Structure formats: C-alpha cells, structure tokens
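Notes follow once the structure below has been shown.
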C-alpha cells in the first residue's frame with residue numbers, strides 16, 4: 001500500500017492491530033460503564049471515550065494511508081462479565097494490557113509521528129491501568145519482574 005500523503009505511514013504498519021484492539025476496548029468499556037456505579041463508572045466512561053477517540057484517529061490514519069479500516073465485531077467475548085467492582089477493575093486492566101500490546105508494533109514504525117502517537121497511546125493505557133490497580137507489570141514482551149537476589153555474604157576463610 002502506498003504511504004499517506006507525506007507521512008510515510010503505511011496501513012499495514014500495525015494500524016490494523018491497534019484498530020482492532022481499540023474496537024474491542026470500546027466494546028469492553030461500554031459493558032464496564034453499564035455495570036459499574038459512582039467513581040468507577042466515571043473512570044470506565046472516561047476510558048470508553050478515550051478509546052473511542054483513539055479508534056477514530058486510527059480509522060482516519062488507515063484511510064489516509066490508502067487502507068480500508070476493519071469494522072468492529074457485533075459482539076466480543078469477554079473473559080468475565082463483571083458483577084462486582086473487583087471484576088470490573090480486573091477486566092479493565094486486561095483491556096489496557098491488550099491495547100498496550102497492540103500499539104507496540106506501531107511504536108517500532110519508521111515514521112516519527114506514528115511512533116509518537118503509539119508511545120502516547122501506550123502511556124495512556126499504562127496510566128489508566130495503574131489508576132485502577134496500582135501495580136507495575138513487566139512491559140509486554142519483557143520477562144516478569146522478580147525480587148532481587150540477596151547479595152552474597154562474603155565468607156572469610158582463615159589463612160593457613
């Protein structure tokens with residue numbers, strides 16, 4: 001496919017994967033906003049709107065690059081249908097991890113504008129996830145963090 005006008009962006013540089021992830025995120029956050037209340041509903045609705053905006057941006061970029069953006073599925077299978085605040089948070093964190101992973105290919109694009117957009121999207125996902133469950137996870141593709149090994153205690157050997 002040809003690059004977008006003057007940007008060097010190609011529709012096959014991960015735009016499709018990121019768009020598919022955003023479609024799924026919009027669906028999941030719609031469910032989450034409908035099944036939560038109070039501050040958690042506000043957080044889920046805010047995330048829903050952020051993912052819709054990114055989805056629309058990716059659709060526009062795909063069309064500008066000469067591609068045909070994938071349409072969303074009518075229904076997405078969720079790993080859990082949340083019936084508690086804890087399940088809602090767990091699903092939201094899973095969604096953010098999935099979207100983060102989808103943006104990694106775009107973050108490796110030769111196009112600086114596309115890399116910036118992808119890096120910002122990854123950062124936004126990390127902030128949303130951390131605000132819901134303040135844990136630091138390994139970056140996708142990196143080994144999980146482990147506790148540091150205790151320093152070896154030097155042993156003194158008596159001189160002979």
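Can you find a residue in the stretch 77-84 that is closer than 23 Å to residue 135 by Cα and surrounded by 15 or more Cβ atoms within 10 Å (Cβ to Cβ)?
Residues of the stretch 77-84 closer than 23 Å to residue 135 by Cα: 78-84.
Those still in the list that are surrounded by 15 or more Cβ atoms within 10 Å (Cβ to Cβ) too: 78, 82.
Yes: one or more hits.
Restricting to the stretch 70-84, what's the tally of residues that are in contact (Cβ under 8 Å) with a residue 40 or more places away in the chain and within 26 Å of residue 144 (Cβ to Cβ)? Counting residues in the stretch 70-84 that are in contact (Cβ under 8 Å) with a residue 40 or more places away in the chain and within 26 Å of residue 144 (Cβ to Cβ) gives 2. Considering every residue within the stretch 53-71, establish whether at least one is part of a helix (DSSP H, G or I), modelled with pLDDT of 95 or more, touching a helix residue (DSSP H, G or I) at 6+ places or on another chain (Cβ under 6 Å) and surrounded by fewer than 18 Cβ atoms within 10 Å (Cβ to Cβ). No, every residue in the stretch 53-71 fails to be part of a helix (DSSP H, G or I), modelled with pLDDT of 95 or more, touching a helix residue (DSSP H, G or I) at 6+ places or on another chain (Cβ under 6 Å) and surrounded by fewer than 18 Cβ atoms within 10 Å (Cβ to Cβ).
The residue pairs whose first member lies in the stretch 87-104 and is touching a residue at least 24 places away in the same chain (Cβ under 8 Å) and at positive phi, whose second member is assigned to a helix (DSSP H, G or I) and surrounded by fewer than 24 Cβ atoms within 10 Å (Cβ to Cβ), and whose beta carbons are closer than 8 Å, counting only pairs six or more residues apart or on different chains, do not exist in this structure. Residue 27 passes every criterion in (1) surrounded by fewer than 18 Cβ atoms within 10 Å (Cβ to Cβ); (2) assigned to a helix (DSSP H, G or I) apart from (1).
Tallying residues that are in a loop (DSSP other than H, G, I, E, B), surrounded by 14 or more Cβ atoms within 10 Å (Cβ to Cβ) and within 19 Å of the chain's Cα centre (by Cα) within the stretch 85-112 yields 1. Screening residue 144 on (1) at pLDDT below 95; (2) surrounded by 10 or more Cβ atoms within 10 Å (Cβ to Cβ); (3) over 16 Å from the mean Cα position of the chain (by Cα); (4) under 30 Å from residue 15 (Cβ atoms) shows it passes everything except condition (2).
The values are calculated or read from the model by the stated rules, or taken from the named source; none is laboratory data. Source: prediction; values computed, not measured. Neighbour counts run over all protein chains shown; Cβ positions are idealised from the backbone, glycine included.
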